[in-house]
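J.: Pasting a structure below so you can have a look.
The values are calculated or read from the model by the stated rules, or taken from the named source; none is laboratory data. Please read these numbers as outputs of a predicted model, since none were measured by experiment. Here the Cβ is made from the backbone with ideal geometry for all residues, glycine too, and neighbour counts use every protein chain on show.
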Amino acid sequence: MKNLIMGMLLTALPMTAALAKYDIINRAKLAEDRLNTLELTRPIGHDFFIDIQGKFTTDIIDLQDDSAEISKINDAQSIENQVSEANGILEKYYDKEQVISAKIGLGVPLPSFTAWGVKVKPNFRAQGDIFAMLTPSQQDISLTILIDSLDNVPSDIKAFVKSCITNGGLTNGVSLLDQCRDNGDISTSQYNQLVAEYPGIENVEYQSSIGSTSVKGPAIDIYAKLQGKVGLFNSYKYDDHFFGTFNLYGLLRQDIQKRADALTMLSDSEFEYAENRTTNMVIDYSLGYTNDNYKVLFGIEELKIAEGEKPKDAELNYGEDMLMRVHAQAEYKLSFFKINPYLGSHSRAGYSFSDAYYLGADWGMMSFEDRLGLTIKTQMDKEHYTLGARMKLWILHLDVTVRKARVEKVDGVKVGEFTGANVRMFF
């Protein structure tokens, strides 16, 4: 019974009507690109460095702890009571985005050079990061709906299992598939096909109260991505007005998108990443113009130029589309005080420039030739207000950021609020 409850609580089913327009992958792209854009006004430069970052929504740790409490629910009570108790534990997280992001980067400057009037400062850099978005929700749960959700199973086999459920005569607390096979509703080969496609499904027990009749229970929509970059990151300057970057590097990505489901829980398995792993050679390129106290920048990032070896049939949920960016900022100084107002936007497949605009200003006080200082970041985008503080202590930068929601919901889902920290060390 406990396996059944745990599985059905986190089953892979269609989202409820409230989430009909919600696309977790597109939301994950936009959220991650917004977090990366926060770094645009504080470039690393031509240095040896170690960069460690972490950002997360304020409820994600509590969500993890409360989810663990579901396994402690007394399974001697009825399934309806167990589901009701689980709803009580997780309902405060329903339809609210939860995000966690972590990143580490290392960099080594290479000798600068000038060619055809262009001054180039190359760096060798390596970076690894993980990003995950989780969106809990409440949805209908029943054995019939569960069977319908098995996308990799032929429709005729699903129809046989559903007929087995509705025909009755099954025993509560005994494997559903075992009974359907023993009753002749499905053949041994069909049983083996189901188990091969979804290991652990043979452990789903039949319960008459959730056969064809549904109850409301929680599920968690999940997107997770692991990424690594290794290569040359080069800044350049031409004349007194033109500048930019040209980066050439290998990009490794692997990701997964699914709802935490009964089959994963029952088989006690972990998410598999190998099928969605790709390695590409990509470039970033930006061109900027500066004059007096302002500059503008246009750029592309993660433009694929060559594909490396990848597992057969690998296809990223994230895709392999490049990001386009436009950014402008100014700089005003008065003694040891300076302000950098800025604005811009970016776009990638899944969202547009109108979704990703931002504007803000960095307010700073510097001394000892900018080796010591304090900078306050204020920023606004379509969904958040951002407030940050960065201390510059010679070779050490300490940064803390808070992002508060300025809209309640997007596509029926509550916008998450972020807390982040960053430590950079320069040598």
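J.: Just give me the residues in the stretch 302-335 being more than 21 Å from residue 276 (Cα to Cα) and touching a His at 6+ places or on another chain (Cβ under 9 Å), in sequence order.
T.: Hits for the stretch 302-335 are 324, 325, 326, 327.
J.: Another question, then. Out of the residues in the stretch 324-375 meeting the condition of being aliphatic (A, V, I, L, M) and assigned to a loop (DSSP other than H, G, I, E, B), tell me which one is surrounded by the fewest Cβ atoms within 10 Å (Cβ to Cβ).
T.: 349
J.: Return a yes/no flag: does the stretch 395-416 have any residue that is under 26 Å from residue 301 (Cα atoms), in contact with a Phe, Trp or Tyr (Cβ under 9 Å, 6 or more places away or on another chain) and among the basic types (Lys, Arg).
T.: Yes: the stretch 395-416 contains one or more residues that are under 26 Å from residue 301 (Cα atoms), in contact with a Phe, Trp or Tyr (Cβ under 9 Å, 6 or more places away or on another chain) and among the basic types (Lys, Arg).
J.: I'm told residue 112 meets every condition in (1) of a type in the set (S, T, N, Q); (2) modelled with pLDDT under 90; (3) within 30 Å of residue 425 (Cα to Cα) except one. Can you identify the failing condition by its number?
T.: Unmet for residue 112, out of (1) of a type in the set (S, T, N, Q); (2) modelled with pLDDT under 90; (3) within 30 Å of residue 425 (Cα to Cα): (2).
J.: Here is a further query. Quick one: what pairs do we get from the stretch 395-422, first residue touching a residue at least 40 places away in the same chain (Cβ under 8 Å) and aliphatic (A, V, I, L, M), second outside any strand (DSSP E or B) and surrounded by 14 or more Cβ atoms within 10 Å (Cβ to Cβ), C-beta under 6 Å, 6+ apart or different chains?
T.: What qualifies is 413/22; 413/95; 413/97; 415/383.
J.: Is it true that some residue in the stretch 379-387 is acidic (Asp, Glu) and within 17 Å of residue 333 (Cβ to Cβ)?
T.: Within the stretch 379-387 (the criterion being acidic (Asp, Glu) and within 17 Å of residue 333 (Cβ to Cβ)), the answer is no, since none of the residues qualifies.
J.: Just give me the residues in the stretch 278-297 being buried (at least 16 other Cβ atoms within 10 Å of the Cβ), β-branched (Val, Ile, Thr) and at pLDDT 95 or above, in sequence order.
T.: 282, 283, 290
J.: I've got another one for you. State the number of residues belonging to the stretch 346-395 that are small (Gly, Ala, Ser) and more than 20 Å from the chain's Cα centre (by Cα).
T.: Within the stretch 346-395, residues that are small (Gly, Ala, Ser) and more than 20 Å from the chain's Cα centre (by Cα) number 8.
J.: Right, next: Scan the stretch 86-128 residue by residue and report those that are of a type in the set (S, T, N, Q), under 26 Å from residue 62 (Cα atoms) and over 22 Å from the mean Cα position of the chain (by Cα).
T.: 87
J.: Which number in (1) in a strand (DSSP E or B); (2) basic (Lys, Arg); (3) within 25 Å of residue 227 (Cβ to Cβ); (4) more than 20 Å from the chain's Cα centre (by Cα) marks the one condition that residue 310 misses?
T.: (1)
J.: What is the residue count in the stretch 62-119 for residues that are hydroxyl-bearing (Ser, Thr, Tyr) and surrounded by 18 or more Cβ atoms within 10 Å (Cβ to Cβ)?
T.: So the answer is 4.
J.: State all residues of the stretch 152-174 that are under 13 Å from residue 206 (Cα atoms), modelled with pLDDT of 90 or more and not β-branched (Val, Ile, Thr); if no residue qualifies, say none.
T.: Answer for the stretch 152-174, where residues must be under 13 Å from residue 206 (Cα atoms), modelled with pLDDT of 90 or more and not β-branched (Val, Ile, Thr): 162, 164, 170.
J.: Which count do you get for residues in the stretch 190-219 that are aliphatic (A, V, I, L, M), out of contact with any helix residue (DSSP H, G or I) (no Cβ under 8 Å at 6 or more places or on another chain) and under 30 Å from residue 413 (Cβ atoms)?
T.: 0
J.: Just checking, which of 69, 97, 80, 32 is within 14 Å of residue 420 (Cβ to Cβ) and assigned by TED's automatic domain parsing to the domain that holds residue 237?
T.: Unique residue meeting the criteria: 32.
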